[in-house]
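For reference, the structure I am asking about is given below.
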Amino acid sequence: MPFSILWGGFAIFWEIGAVTMVKQPFFILWGVPFVLVGLYFIFGRFIFKRRRKLVTAYGLTDRRAIVCTGDRSISEAPVSGLPTKIDRAKDGRHVSVTFGYQGMAGLLGMYQNTGTDFFSFGLGQSVAFYDVEDTEGLLGALDESRVG
C-alpha cells in the first residue's frame with residue numbers, strides 16, 4: 001500500500017505540474033498512463049479483486065482442487081501428495097487454502113489475491129481457495145479429501 005500511494009501521489013503531482021506549469025502536450029500525455037496505473041494501484045485493484053471474487057467458484061473432490069473463474073479459466077491441482085497451506089483470517093471468519101509446492105513460485109505467488117496478480121506474469125500461480133467464508137465446511141471437506 002505505501003508503494004501505491006507513493007506511485008500515485010508522484011504521478012498526480014507530475015500531471016498537475018505538467019498541466020499547470022509546463023503546458024507541453026508531450027509531458028501531459030506522458031503522465032496520463034502513470035496516473036492511471038497509480039489509481040489502479042490505490043483503488044482499482046480492490047474493485048478488480050471484488051469483481052473476480054464474485055465470479056469465482058471453488059470445488060474440492062477426494063482427488064482434486066478446482067478453481068473456476070468466470071467462464072474463462074479453470075485451474076486444478078491434485079489434493080493428495082501435495083502440501084497444503086491453510087491461512088485463517090485474523091478475525092477467524094475467512095480461510096484461504098493453497099495447494100502445492102511454493103518454492104520459487106512462492107516468490108512470484110506473493111501477488112496472488114491482491115488485485116496485482118499480473119506482476120507474476122502467470123508464473124507461480126498456485127491453485128488456491130481465497131477468503132472462503134464457510135471455514136468449517138472447507139476445512140471439513142479438506143480433511144475428508146485427505147482421508148479418502
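The values are calculated or read from the model by the stated rules, or taken from the named source; none is laboratory data. No experiment lies behind these values; they were computed from the predicted model shown. No Cβ is skipped: glycine too gets one built from the backbone with ideal geometry, and neighbour counts run over all protein chains shown.
Please indicate, with yes or no, whether at least one residue in segment 116-124 is outside the structural domain of G8 (by TED's automatic domain parsing), on the phi < 0 side of the Ramachandran plot, modelled with pLDDT of 70 or more and not β-branched (V, I, T).
No, segment 116-124 has no match at all.
Looking at this structure, is V95 at pLDDT 85 or above, surrounded by 16 or more Cβ atoms within 10 Å (Cβ to Cβ) and in the same structural domain as L138 (by TED's automatic domain parsing)?
Against the criterion (at pLDDT 85 or above, surrounded by 16 or more Cβ atoms within 10 Å (Cβ to Cβ) and in the same structural domain as L138 (by TED's automatic domain parsing)), V95 qualifies.
Something else about it: May I ask you to list pairs of residues, at least six apart or on different chains, whose Cβ atoms are under 9 Å apart, with the first in segment 82-100 being on the phi > 0 side of the Ramachandran plot and the second being assigned to a loop (DSSP other than H, G, I, E, B)?
Short answer, once both residue conditions are applied: G100/L82; G100/P83; G100/S126.
Do we have any residue at all in segment 51-63 that's of a type in the set (A, V, I, L, M), surrounded by 15 or more Cβ atoms within 10 Å (Cβ to Cβ) and touching a helix residue (DSSP H, G or I) at 6+ places or on another chain (Cβ under 7 Å)?
The answer is yes, given that some residue of segment 51-63 is of a type in the set (A, V, I, L, M), surrounded by 15 or more Cβ atoms within 10 Å (Cβ to Cβ) and touching a helix residue (DSSP H, G or I) at 6+ places or on another chain (Cβ under 7 Å).
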